[in-house]
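The values are calculated or read from the model by the stated rules, or taken from the named source; none is laboratory data. Predicted model, so just to flag it, every value in this text is computed and none were measured. Counting neighbours? That spans all protein chains shown, and the Cβs are built from the backbone with ideal geometry, glycine included. Protein only, heavy atoms only, side chains kept; ligands, DNA and RNA dropped before computing areas. Shrake-Rupley method; radii C 1.70, N 1.55, O 1.52, S 1.80 Å.
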Amino acid sequence: IPSTTTAELLGNRRRILVTGGAGFIGGAVIRRLLRQSDSIVFNLDKMGYASDLTSIEKVLADLGEAHYHRHQFHRIDLNNAEAVSCAVREADPDLVMHLAAESHVDRSISGPGEFITSNVTGTYNLLQAVRKHFEQLTEERSAEFRLHHISTDEVFGSLGAEGRFSETTPYDPRSPYSAS
């Protein structure tokens, strides 16, 4: 939505928890939040083979030392349910953006177990922790609370040369990655 600003999209949500924030897309989300809002961002990432915090650190350096507190990094594997619960309690988020996932298609074919564990069990652990958090929110905060699970278009299968997917397109995953 080009005409809508990040601040308008966030509304009163100032405490944002992002999973997979050291990944390609998660990092872009965090950089935008840091540049275009005054939110505090809690970044949960296990720091796997594709994780990198360099671009976030550069944005913080450009913004200046007064903004360093706005990025709270937690090296957490979502498979560790207790660590996830503690991080959610500490973050006390108004918004959760779940982007963490094992996402390399070829690796999912050669070793699907890691994808099931990370993408399914890790998501379950996060959802349980967020449910507990949501249940203790005030009526006002719970009305504003949001959780967004950002996934891949590959859950819809293969598009071909033309066409487009929508929210009503049936799932048709073609790899353990997209299935998980």
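Inspection of the stretch 102-110 finds a residue satisfying the criterion of being out of contact with any helix residue (DSSP H, G or I) (no Cβ under 8 Å at 6 or more places or on another chain), more than 14 Å from Gly26 (Cα to Cα), in a helix (DSSP H, G or I) and of a type in the set (Gly, Ala, Ser). Of all residues in the stretch 48-57, one or more are over 13 Å from the mean Cα position of the chain (by Cα), outside any helix (DSSP H, G or I), among the acidic types (Asp, Glu) and surrounded by 12 or more Cβ atoms within 10 Å (Cβ to Cβ). Contact map, the stretch 85-103: first residue polar (S, T, N, Q), second residue in a helix (DSSP H, G or I) and crowded, with 22+ Cβ neighbours inside 10 Å, Cβ cut-off under 7 Å, separation 6 or more or different chains; pairs are Ser85/Ala129; Ser103/Tyr177.
Condition check for Arg131 on (1) in a loop (DSSP other than H, G, I, E, B); (2) under 30 Å from Asp38 (Cβ atoms); (3) among the basic types (Lys, Arg): one failure, at (1).
Quick one: in the stretch 1-28, of everything that is part of a helix (DSSP H, G or I) and surrounded by fewer than 21 Cβ atoms within 10 Å (Cβ to Cβ), which residue is modelled with the highest pLDDT? So the residue we want is Ala28. The residue of the stretch 142-152 that is surrounded by the most Cβ atoms within 10 Å (Cβ to Cβ), among those that are out of contact with any helix residue (DSSP H, G or I) (no Cβ under 9 Å at 6 or more places or on another chain) and part of a helix (DSSP H, G or I), is Glu144. Does Ala129 count as among the aliphatic types (A, V, I, L, M), touching a residue at least 60 places away in the same chain (Cβ under 8 Å) and more than 17 Å from Pro176 (Cβ to Cβ)? No.
For Glu167, the test of being open to solvent by 50 Å² or more (accessible area, probe 1.4 Å) and assigned to a loop (DSSP other than H, G, I, E, B) is passed. Taken together, the criteria exclude Arg164 from residues that are modelled with pLDDT of 85 or more, basic (Lys, Arg) and in contact with a strand residue (DSSP E or B) (Cβ under 8 Å, 6 or more places away or on another chain). Cβ-Cβ contacts under 6 Å between residues 6 or more apart (or on different chains), taken from a first residue in the stretch 152-167 that is closer than 22 Å to Ala100 by Cα and of a type in the set (Val, Ile, Thr) to a second residue that is at pLDDT 85 or above and open to solvent by 70 Å² or more (accessible area, probe 1.4 Å), are listed as Val155/Tyr171.
When the stretch 85-139 is filtered for residues that are among the acidic types (Asp, Glu) and either modelled with pLDDT under 90 or open to solvent by 80 Å² or more (accessible area, probe 1.4 Å) (or both), the ones remaining, listed by number, are Glu90, Glu102, Asp106, Glu114, Glu135, Glu139.
Taken over the stretch 62-81, residues that are free of Cβ contacts under 8 Å to residues at least 40 places away in the same chain, open to solvent by less than 60 Å² (accessible area, probe 1.4 Å) and under 9 Å from Leu44 (Cβ atoms) amount to 2.
Tallying residues that are more than 14 Å from Ile150 (Cβ to Cβ) and out of contact with any His (no Cβ under 6 Å at 6 or more places or on another chain) within the stretch 13-44 yields 14.
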